[in-house]
Number of protein chains: 2
Amino acid sequence: MPTKKKPQVTATPERRRELLGTAAEVFAEQGYNATTVRKIADHAGMLAGSLYYHFDSKESMLEEILRTFLDELWDGYDTVLDAELGPRETLEALVTESFREIDRHRAAVAIYQKESRHLAVQERFAFLAESQRKFEKAWLSTLERGVAAEVFRDDLDIRLTYRFVRDTVWVAASWYRPGGQHSPEEIARQYLSMVLDGIAVRT
Amino acid sequence: MPTKKKPQVTATPERRRELLGTAAEVFAEQGYNATTVRKIADHAGMLAGSLYYHFDSKESMLEEILRTFLDELWDGYDTVLDAELGPRETLEALVTESFREIDRHRAAVAIYQKESRHLAVQERFAFLAESQRKFEKAWLSTLERGVAAEVFRDDLDIRLTYRFVRDTVWVAASWYRPGGQHSPEEIARQYLSMVLDGIAVRT
DNA sequence: CCTTCCCTAACAAGTGTTTGGTAGGTTAGC
DNA sequence: GCTAACCTACCAAACACTTGTTAGGGAAGG
């Protein structure tokens, strides 16, 4: 008789998502490699081996966390991009959407930020590299449209600008805590104000 | 007879710095926890155990890398701060100095960025937390002076601005490669232009 | 002969993972 | 309505392997 099939994906997704949530928080706080399966189990109130009833490896937990996050992220991004707004409005919408995602998936974003660089080379995490390319394309084309339409400055290196905007947004995940004094929309507003108009007084 | 004293700090610092350099690069690329002592030894062309002739633990390598970096960083920062420039000039000098440090210690900066958060709680790495406090104080007071002198906008949350400026600068270490097409000074110039004046066309 | 620098070989602790078992609830048979 | 079979979700204990680290030795040069 072959081994009994484990639930893995088919079972009630409820407990699964719960466990992925605690795993994501531990990963985000301690780093993926520094996080042992036993620590995750501790936080979940169970023993290490029991996790393997729900998932078939530590790595697959990481993959599912990142996949879920990126899927939802691109749902939001594609909605914005398909709306075909002006360049400035697109940038504003993308930034705002990003902060909403940070609000919803702060742990996943933190993990993504810390680990994506050395994960992306692995075949299993190729979707990270692909996402990064889509990301770059979306932002760069928006910036280029803006320069062409003369709403963004043309005296800046556009790739430097891209990295600047991209980083300013996502690094926020490292200090942002949901339920703080600023809502995601408020943070987005202030960030956009700084990125677009600068912090210097206009003379 | 007690164990023979190992060189550790007293020996010729030449080979030591060489090894710390390669260790830093591996740490930066793979992450500290994901980096095994054997990998470092590989990159250095020796065996794992041999590293312990020069250092007494993997952690002490990390500590020395970060300490060396922060010491040099604060050398530069203190020079700037002691010059008692105006707020805008101070900010410009600090940013420029930061990019020079990224140029010189890119690996250490990358490590610092990834690991400092969960390292700082350890007693051994208390100097990280202390440095972060000094850091915050220096930047915040500069920004406050600027607001008071009406060279920086007063309609922004100053702590948000602080994190914004701080992050945009240091994240650059994750993509910066020395010997690229932009010098540290040129990158600093463009970053400052964006941070101070924004990327939108002035109307 | 001593020092410097590295190698060989091993150690103990911790790692992700597997296997077999089991308490407790749900369903099916009569 | 009772019992037997079953499923879900976990535990207990172990596995093979990797980890950081140590002890002893040896080659090369002064």
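Restrict the check to region A:171-180 and report whether at least one residue is more than 24 Å from the chain's Cα centre (by Cα) and farther than 20 Å from residue B:203 by Cβ. No: zero hits.
Here is a list: B:136, B:144, B:115, B:101. Which entry is among the acidic types (Asp, Glu), closer than 17 Å to residue A:174 by Cβ and more than 10 Å from every other protein chain (Cβ to nearest Cβ)?
Answer to the check: B:136.
Can you tell me which residues in region B:52-77 are more than 16 Å from DNA strand C (Cβ to nearest atom), in contact with a helix residue (DSSP H, G or I) (Cβ under 9 Å, 6 or more places away or on another chain) and open to solvent by 60 Å² or more (accessible area, probe 1.4 Å)? If the condition is that a residue be more than 16 Å from DNA strand C (Cβ to nearest atom), in contact with a helix residue (DSSP H, G or I) (Cβ under 9 Å, 6 or more places away or on another chain) and open to solvent by 60 Å² or more (accessible area, probe 1.4 Å), then B:67, B:68, B:72 are the ones that fit.
Taking region B:158-197 as the range and being among the acidic types (Asp, Glu) and closer than 23 Å to residue B:27 by Cβ as the test, only B:167 passes. Among A:133, A:145, which is under 20 Å from residue A:80 (Cα atoms) and without any contact (Cβ under 8 Å) to a residue 24 or more places away in the chain? None of the other options fit; the residue is A:133. Note on region B:48-117: enclosed helices (runs of 4 or more DSSP H) holding 3 or more residues that are in contact (Cβ under 8 Å) with a residue 60 or more places away in the chain are B:58-82, B:87-104. Put simply, of B:94, B:62 the only residue that is under 16 Å from the mean Cα position of the chain (by Cα) and under 19 Å from residue B:185 (Cα atoms) is B:94. Of B:202, B:189, all but one fail to be open to solvent by 20 Å² or more (accessible area, probe 1.4 Å), farther than 12 Å from residue A:163 by Cβ and part of a helix (DSSP H, G or I); the exception is B:189.
Residues in region A:154-180 that are within 16 Å of residue A:110 (Cβ to Cβ), open to solvent by less than 10 Å² (accessible area, probe 1.4 Å) and more than 7 Å from every other protein chain (Cβ to nearest Cβ): how many? So the answer is 3. In summary, residue A:183 fulfils each of the numbered conditions (1) facing another protein chain (nearest Cβ under 9 Å); (2) open to solvent by 40 Å² or more (accessible area, probe 1.4 Å) with the single exception of condition (1).
Residues in region A:24-43 that are within 13 Å of DNA strand D (Cβ to nearest atom), more than 14 Å from chain B (Cβ to nearest Cβ) and hydrophobic (A, V, I, L, M, F, W, C): A:37, A:40, A:41.
Residues that are open to solvent by 30 Å² or more (accessible area, probe 1.4 Å), within 13 Å of DNA strand D (Cβ to nearest atom) and not aliphatic (A, V, I, L, M): does region B:44-51 have at least one? Yes: one or more hits. Answer yes or no: is there a residue in region B:81-88 that is modelled with pLDDT under 95, surrounded by fewer than 18 Cβ atoms within 10 Å (Cβ to Cβ), under 30 Å from residue B:192 (Cα atoms) and away from DNA strand D (no atom under 11 Å from the Cβ). Looking for residues that are modelled with pLDDT under 95, surrounded by fewer than 18 Cβ atoms within 10 Å (Cβ to Cβ), under 30 Å from residue B:192 (Cα atoms) and away from DNA strand D (no atom under 11 Å from the Cβ), one finds at least one in region B:81-88, hence yes. Residue A:150 passes every criterion in (1) of a type in the set (Asp, Glu); (2) open to solvent by 30 Å² or more (accessible area, probe 1.4 Å); (3) within 18 Å of the chain's Cα centre (by Cα) apart from (3).
The values are calculated or read from the model by the stated rules, or taken from the named source; none is laboratory data. Source: prediction; values computed, not measured. So basically every Cβ, Gly included, is an ideal-geometry build from the backbone, and we count neighbours across all protein chains shown. Accessible surface areas use protein heavy atoms only, side chains included; no ligands, DNA or RNA. Shrake-Rupley method; radii C 1.70, N 1.55, O 1.52, S 1.80 Å.
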